[in-house]
Each structure stands twice: as structure tokens, then as C-alpha cells.
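Working notes, beginning with the structure itself.
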There are 4 protein chains.
Amino acid sequence: MIKVTVWNEFEHEKTNPQVGSIYPNGIHTAIKDFLDIYDDIEVKTSTLDLDDCGISQQLLDDTDVLIWWGHCAHNKVSDHAAELVQNAVLSGMGFIALHSAHHSKPFKRLMGTTCNLSWREDGDKERIWVIKPGHPIACGIDRYFELEHEETYSEPFDIPEPDELVFGGWYEGGEIFRSGCCFYRGNGKIFYFQPGHETFPIFKDKNVQMIIKNAVYWAAPTCRVKLECPHVKKIDTDK
Amino acid sequence: MIKVTVWNEFEHEKTNPQVGSIYPNGIHTAIKDFLDIYDDIEVKTSTLDLDDCGISQQLLDDTDVLIWWGHCAHNKVSDHAAELVQNAVLSGMGFIALHSAHHSKPFKRLMGTTCNLSWREDGDKERIWVIKPGHPIACGIDRYFELEHEETYSEPFDIPEPDELVFGGWYEGGEIFRSGCCFYRGNGKIFYFQPGHETFPIFKDKNVQMIIKNAVYWAAPTCRVKLECPHVKKIDTDK
Amino acid sequence: MIKVTVWNEFEHEKTNPQVGSIYPNGIHTAIKDFLDIYDDIEVKTSTLDLDDCGISQQLLDDTDVLIWWGHCAHNKVSDHAAELVQNAVLSGMGFIALHSAHHSKPFKRLMGTTCNLSWREDGDKERIWVIKPGHPIACGIDRYFELEHEETYSEPFDIPEPDELVFGGWYEGGEIFRSGCCFYRGNGKIFYFQPGHETFPIFKDKNVQMIIKNAVYWAAPTCRVKLECPHVKKIDTDK
Amino acid sequence: MIKVTVWNEFEHEKTNPQVGSIYPNGIHTAIKDFLDIYDDIEVKTSTLDLDDCGISQQLLDDTDVLIWWGHCAHNKVSDHAAELVQNAVLSGMGFIALHSAHHSKPFKRLMGTTCNLSWREDGDKERIWVIKPGHPIACGIDRYFELEHEETYSEPFDIPEPDELVFGGWYEGGEIFRSGCCFYRGNGKIFYFQPGHETFPIFKDKNVQMIIKNAVYWAAPTCRVKLECPHVKKIDTDK
């Protein structure tokens, strides 16, 4: 059983009627709904408006993969919460950062770079290409798929060179973007996935759902008896 | 069910009594034996003395993960057989290259480099450290384990930068070596693992057995409905 | 002084009047011309119609950076010549593979993968984005530049994960491509650059010229007193 | 002219007579001294006991490569100073982290991981092997060199997979360590180098000096007209 927690800042849905009509119960619930159909995935949700920004050590200890959606309220997430998430990932928890979570505190801390990019909101068509066909996150996806409207994100995207680049995005207005990036950090696995602008029904797209589901399986810890080595400090020696 | 084929050049065992006494039925059989205990792994063996160097397209089509042990007879493997293996890996078959298989034709073709290294045969103690504790191939292995006697391999090892460096070797005489290296190539996964000199009972070591077993699970294709993209050439267009 | 050799298969220019009118003296001469203006770069050319496919050990020994353009005649390059080039790169020579050289024998040997891609010849506009602004090969290039017409190359491009991805291409018809890729192999540096279809005056474009010039400086060997380690075999030991 | 700033926490030298006798004017001065002999390198120093921990935006703006030595006083460096350094690196400044600077605030922020390791202080002999002979930082170094006594650092070292692994350390007591690691982050280059324990005269070793000098040349910004892309946010569009 893989324990997934979907965290959502859950602001646009309450303040923007367009977003509210697409996701009446929040983006987190929409993600939970399509993951719930898998017998070996168990989904909880959490939101910024809960105590401690919705992040506690107890929650993280009970999470195999944390999915994160945030956009306009990154700064309302406390540094403490961000540090808890960072440490949980380094200890082995999977982390899936969606769309504007490129600028979320936990993702930026894990990358070490600005994670800056350029953007446009013109509702361009996006075509997402598979770069690495053999990768488990691309399993079941055709050579490319299209999203009729998405926010445009553009290179240069200031991230460390991804350990594996799985998807790349093409926008009709002329931009490209590394849309699906895998990173190994500490004992944990991180997947950044670009689609997910709140004003379009991106999380209702079958390909997007399949990719997020694949990413959950990929990011889940593969070894439950894992070493605590990174936290060992002094070498025992009888020298 | 993961279908494993263990290929062995099977020469030393027949010509060197010391090796023959350790592996009376060949190294391939010793590897098969410890993998056979897993219900979801099915093991075949093949050897250089069979038709076509023991490699056919039919065999490869029926193999999820190919394990390769070779040392003194790399040049007896035909270029054709090496090409078949290379193509099978790029199409998605897992490949585990053991010990002197760093200089095998299939491995060198997949790396594109000389794969040269330095070596000594003094029976040094080797201590193998886990570099990446969260990696599935390191699962269940302590911070390090020791092999009482191994052939010494030394850096510089002329390989492309591994996509993931999982193990590193220390030798009492003063050398180090990147002992466990993962590479992603095409749709396939490749794991190089240094231990396995024929004059020592390396494949009877519990840690070595666990690592090879872990590597089989890691290298097995993760997506059976994989894209044939790398072999698509001309883009269909109605432009 | 950096010694550059530009190798060109030099076939289209002689058989296709359109290509001949763009490059009356061959693509190799066009490239030589824009590199010749740099005082510290010295350029030779070589072509397939010379003895031994235009490749000899003597030539390679006298080359710091080899630029390669090939398209329709990859199979006319002998395996021996390809092996000489591969070995020279691993010994430290820089290698710049242009456009269809993704399928040249030396490049494929160095990558170890099929290097397959998809393509269209519709004269699409290409926009080339800088992915890595701090990289020396991107020095002086704006966020992106455009080529009015280029052959379309598309992902998935079956190469090992580039050590550094410097440029990405966008095509008006809907494709993307990793257009500028750096690889470190052995002691050598390799840069693959996608633009350069023979029917368009790509090598007369100022941005393309600047990038190739930058790549020459980047790929040139940085250490003249380099170790011969990769070719050392037996460790000297007094043990 | 490459402008180097050597930053040192400068505590042990004042409180530990053994360290003080090796480095009477501080480790920073010892490093400055061997870099000063190069005509195209200009060296300043800075220390923790200066205003603002010795780090200001003005200093960083006037620095091409920052060398950092810290050990017992990482926590006395303000978060603000660490952030200034991180941002300067991402904007293009080179950064060389020596020895215990693996746990310095700027390095940890740039890596995004715990940077934990294991250690012993037994004065073991260390042998440092060249892993990547063609790398400019290894230029002029033999296959390996030895330090008669060093602090022992051991894997697992919790860093992201280095973009280039240049050196590896062997210790007589049985440990190994990735001793020389290159990282590309934003527009900047980072080199971590393990030797440099304060109680041994490591910075007087000719090989260590050559490597740090090589690293200065490698880490210096290669493009003065660099793009400000990572800080561009909104795409200009006339759509």
C-alpha cells in the first residue's frame, strides 16, 4: 500500500469563480479522486488553511509520496514546514511538485537554485513530448499528447540538470520547457511536472492523470529497510 | 515473472582446477542457483560454447534481464552477437555486467568508451561501500561489506559518468573503484558490478547475491506497453 | 593555437544544385571561412572523397577539435576510420557533430545508443532556446534565435542523458528537440548541434556561427600534459 | 584577471596552538599566498570576524571565484550572508568549498541535501585518485597522490550526484570518499574538495595547491556578457 498525501494551497478555488467551477472541491480532491481508484494507493489530502500550514512531522511520517500544488501563496508556507518536507524527502519520501510548485519553498530548497522561468498566460495549446520512452513515468503515454489550453512556461528554467528528463513541452506561441524532470536527492525521489494551471481542467486530462499515477509508483520508497547512513556522523573505530 | 538469462563464457571453470573446484557447474549455474529461490524470477543460462556464442535473437526476445560474465574470451564473442545484445538493451532489456564484463563487447558498445581500468591480482581484501543508500540495488545492504579476497580494480575507470553511482570499492593495497554503476541507455537499464573474480567464491557471498538479486528487479523492464519511438523515423504529417 | 579539422562528406553540394548554390565550395569551406577569422584557431578541411575517407591517424594527431558533417553517406565511412575518430576523442580530441551527424558512425559509437530520432522536411521555422545561459557555448546568444527554415528533428532522440543540455529547439509544426548537447567521454568533449540542413543557408547564420565557434573553444583539450591513465593496465606493485 | 576571494572562518588558528603554528596568518593567507604567484589571479581574503560575517554584496560583485573554508563556526554565518553567496553563485560566481565547508550554509543551500558524511580523526594516510584524467582540474596531477595525514571522511556523502566526479579518496583505515566533485548550478560552477583539515599542513602540499589553482581557472565565469534570463519572469508577447 502506497500512502499518498496531496497538499494544495487551496486559494484560487475559493476566490476565483472560474477555478471554483472547475474544481469545486479543490485541486487536491480532484487529484485524490483519480488516484483513489488504484487498490494499492491510499490518498489523504491536506491544505494550507489547516494548522501549521497543513504539514506536520506526523503527517509526513505517514506519507510515502507527497504531491504538492501551490501558486499564489508560497510565502504563506512557513520555513519550518518547508524544512520538514525537505528533510522527509531526503529521508526517503517521494515528492511530486506540480505546475507552479516550481517556486514552492520545499522544491526550491531541494533544488538549491532559483527555479526561475518565464511565463505567459494566453491559453496556448501545449503539446507534451515523451523524451525518455522507456521511463516508468512515461509508461502508457503515446509519443506526445496535447492540452488544448495551458499556461505557457518557458526556458531557461533554472534547475540543476535533471537526473532524468522524461517530458518536454511545446507551446504554439513559440516556447519550449522541460515539463517532466526527475531528481534523486538523499534517499528520496522528486518529480516535477509542469501541467496544472488552475484555470484549465488539466487534472481531468487522462494523460495527466496517468502520468501522476505513474509518478506515484516511481517515487514511492523502494526499500523499507533503508539505511540511516546519511545521518550517521562519527565512524565507530577501534583503531 | 522476470525472465533472467545468465550468460557465462565458461572457460576458466574447465581449464583452471582452482576455479573448477569453486564453481564445478560454472559461474552461470552458481548465479542461477541463488536467483532460483525467488518465485517471480525464472532463470535460464547460456554459454559461449553453444551455437552462435550462446546468443540468439530468440533468446533475447525471451529475456527480461541478461546477466553477463566474461573475462578471457571477450574476443570469441562475435560482433554480431554483441550487436544483438546491444540492440536488445536499447529496446528495453536489462543488462547486468559482472566483473571483467567491463571489457566485454556488449558493455563497451553500450558505453562508447574504452572501459579501461588498472588491476592487480594479489587477493587484497575489498570493502564495498554504499554510496547511495536509498537506491533499490542497495536495499538491505549495510554501510559496507567486505570480501576477504578479490582482484583489485582501480580508477581511473574509463566509463561515461554513471547515471547513478551506488557502490564504491576500497582495497587494502591502496586502490579505489566505482564498483556499482547504473546507466540508462535507450529503453534499457544497465548495472555494472565489479566483484566476481573467478578464483574466489564471490558469488557465494550473501551480500553479492542480494545485490545481484536487487539489480535484477531494478533492471527489469517497467513498462510492457512501451513505445517503439526510438525506431520511428519519419513523422507523419498532413502539412 | 587550436587546430580544427572540418570533415564533410561533401556529396549533396556536388549532386544537388540547390545545395551547390548555397555552398559552392562545400559546407566544410563555409565552416572554415567563419572560423578562420579567429587568430587562435587554425582550420584544415577533409572530405570523404579523399584517401581513407579523409581520416588518418596523422590527421587526428594534428587535430584539437574535429567538426563532422555527414548525412547521406554515413555508410561510406569505413569502420576503421570511425574507430580512429572514436579513439582520438577518448584520448582527448574535441568532437563537434553537426546536424545529421547524429547518425554518423563515430557519433553512434561514442554514444552507444541508436541515436534515432524522427524528422520532417517541410522547411519549418525553428526557434532555438538557450537552456543553460551560463554555459560557455551559449555565450553571446540571446534567450532564443530563429532559423527561418530548417529540417524538423523531433524527440524522442535516443541518446544518453546529455551531461549538459545547452539548447532546445522549437518547430512551428509542433516538435521539440534537444538541439545542443554536451557529453564528456574519456578525455574528450563532444558537442552535438542540430542545425545544419544542407538545403538552407544555416552555416551563414550569425548565431549558428557563434555557437560553433564557442563550441570549438569549449571542446579544445584543456590539459596538454594529460595523463595516459585510461590506457594503463597493470598496476605496478611491489607488494 | 580572475578575482578570487578566500573566505575563512579563522577560529582554530587563534585558539588551537597546533593549528596556529601551521597557519600563523590563517588558512586564508596560506591559500592566498600560493595563488598570488599567478599573474592573472588577484586574491583578496575575508574572514568571519569582519562586519557582516565578512560577506557583502559589494565584495561578491567584485569576486569571480569565492573559496570557502569553515568548520566549527558554520552557525555563526548569518542566513543573510549565506543567501548572498548562494545568489552570487547562481548568477555566475565560481565557488570552491574546501574540506568541512561541506556543512557550510552556502554549500548546503546550493546542494539541497543534508551533505552529511561520516568521519574519523585518526590522522590516516589518504591517497587521492584521479577519476577523470581529462578534466581541467586534474591537469598536471599524477594517477594519485598522497597526504601523509588527513581527517578521514567517509561515504555515504549525501550530495546530489556530482555533474563530474574528478577525484576519489582512499584512507588506510578502510574508508572511501568522493573527494573532488563538480556541480553546475544556475550560471555558476561549484567545486567541492575534501582535503584541508586544519591540524595538518594540507594547504602546503603541492598537489593540493595545483588542484585549487586549477579549480579557480575552471570555476571562473566563462562568459562576461551572460544572459540575465534566469531572472526574467514575464515573457514579452505581442500576441
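The values are calculated or read from the model by the stated rules, or taken from the named source; none is laboratory data. For clarity, every value in this text was computed on a predicted model and none was experimentally measured. Using ideal geometry, Cβ is built from the backbone for each residue, glycine included, and neighbour counts are taken over all protein chains shown.
Some observations on this one:
- Candidate set from region C:176-192 (those that are at the interface with another protein chain (Cβ under 7 Å from one of its Cβ atoms) and surrounded by 24 or more Cβ atoms within 10 Å (Cβ to Cβ)); member that is farthest from C:Asp61 (Cα to Cα): C:Ile176
- For region B:23-93, the helices (runs of 4 or more DSSP H) that sit wholly inside it and include 3 or more residues that are crowded, with 20+ Cβ neighbours inside 10 Å and touching a helix residue (DSSP H, G or I) at 6+ places or on another chain (Cβ under 9 Å) are B:27-35, B:79-91.
- Tabulated pairs, region D:177-189, first under 15 Å from D:Ala88 (Cβ atoms), second of a type in the set (S, T, N, Q), C-beta under 6 angstrom, 6+ apart or interchain: D:Arg185/A:Thr113; D:Gly186/A:Thr113; D:Asn187/D:Ser91
- Verdict on D:Phe10 being under 16 Å from the mean Cα position of the chain (by Cα) and assigned to a helix (DSSP H, G or I): no
- Given (1) more than 15 Å from the chain's Cα centre (by Cα); (2) farther than 20 Å from A:His99 by Cβ, index of the condition A:Asp49 fails: (2)
- Unique residue being closer than 17 Å to B:Ile212 by Cβ and in contact with a Gly (Cβ under 8 Å, 6 or more places away or on another chain) when the list is B:Thr5, B:Thr45: B:Thr45
- When B:Tyr217 is tested against (1) more than 25 Å from A:Pro162 (Cβ to Cβ); (2) surrounded by fewer than 24 Cβ atoms within 10 Å (Cβ to Cβ); (3) not aliphatic (A, V, I, L, M), only condition (1) is not met.
- Residue that is farthest from C:Leu66 (Cα to Cα) [pool: residues in region C:1-21 that are surrounded by 19 or more Cβ atoms within 10 Å (Cβ to Cβ) and not acidic (Asp, Glu)]: C:Val19
- Among the criteria (1) over 30 Å from B:Leu117 (Cα atoms); (2) at pLDDT 95 or above; (3) in contact with a strand residue (DSSP E or B) (Cβ under 8 Å, 6 or more places away or on another chain), the one C:His197 does not fulfil is (3).
- Selection status of A:Phe145, in contact (Cβ under 8 Å) with a residue 40 or more places away in the chain and closer than 30 Å to A:Ser91 by Cβ: no
- Check on A:Ile96, touching a residue at least 60 places away in the same chain (Cβ under 8 Å) and touching a strand residue (DSSP E or B) at 6+ places or on another chain (Cβ under 8 Å): yes
- Scope region C:1-34; condition aliphatic (A, V, I, L, M) and within 17 Å of C:Ala220 (Cβ to Cβ); matching residues: C:Met1, C:Ile2, C:Val4, C:Val6, C:Ile31
- Condition met for C:Lys132 (under 14 Å from the mean Cα position of the chain (by Cα), of a type outside the set (A, V, I, L, M) and surrounded by 23 or more Cβ atoms within 10 Å (Cβ to Cβ)): no
- If the condition is being surrounded by 24 or more Cβ atoms within 10 Å (Cβ to Cβ) and either in a strand (DSSP E or B) or on the phi > 0 side of the Ramachandran plot (or both), then region A:107-128 contributes A:Gly112, A:Glu126, A:Ile128.
- Test: residue in region A:59-74 that is over 29 Å from A:Arg178 (Cβ atoms) and at pLDDT below 95: no
- Residues in region D:160-170 that are surrounded by fewer than 24 Cβ atoms within 10 Å (Cβ to Cβ) and more than 7 Å from chain A (Cβ to nearest Cβ): D:Pro162, D:Glu164, D:Leu165.
- B:Ala219 passes every criterion in (1) over 20 Å from A:Asn187 (Cα atoms); (2) more than 9 Å from every other protein chain (Cβ to nearest Cβ); (3) in contact with a Lys or Arg (Cβ under 6 Å, 6 or more places away or on another chain) apart from (1).
- Residues being away from chain A (no Cβ under 14 Å) and modelled with pLDDT under 95 - total across region B:128-154: 0
- Check on B:Ile141, surrounded by 22 or more Cβ atoms within 10 Å (Cβ to Cβ), in contact with a His (Cβ under 9 Å, 6 or more places away or on another chain) and assigned to a loop (DSSP other than H, G, I, E, B): no
- Restricting attention to region B:118-127, the residues that are out of contact with any Cys (no Cβ under 8 Å at 6 or more places or on another chain) and at the interface with chain C (Cβ under 8 Å from one of its Cβ atoms) total 3.
Okay, residues lined up against (1) over 27 Å from A:Glu83 (Cα atoms); (2) touching a residue at least 60 places away in the same chain (Cβ under 8 Å):
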{"site": "A:Asn8", "(1), (2)": "no, yes"}
{"site": "A:Glu11", "(1), (2)": "no, yes"}
{"site": "A:Asn16", "(1), (2)": "yes, yes"}
{"site": "A:Ile22", "(1), (2)": "yes, yes"}
{"site": "A:Ile27", "(1), (2)": "no, yes"}
{"site": "A:Leu35", "(1), (2)": "no, yes"}
{"site": "A:Ile41", "(1), (2)": "no, yes"}
{"site": "A:Ser46", "(1), (2)": "no, no"}
{"site": "A:Cys53", "(1), (2)": "no, no"}
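- Only one of the numbered conditions (1) more than 14 Å from chain C (Cβ to nearest Cβ); (2) in contact (Cβ under 8 Å) with a residue 12 or more places away in the chain; (3) more than 21 Å from B:Glu175 (Cβ to Cβ) is not met by D:Lys206, and that is (2).
- With respect to being over 25 Å from C:Asn207 (Cα atoms) and β-branched (Val, Ile, Thr), C:Val89 fits the description.
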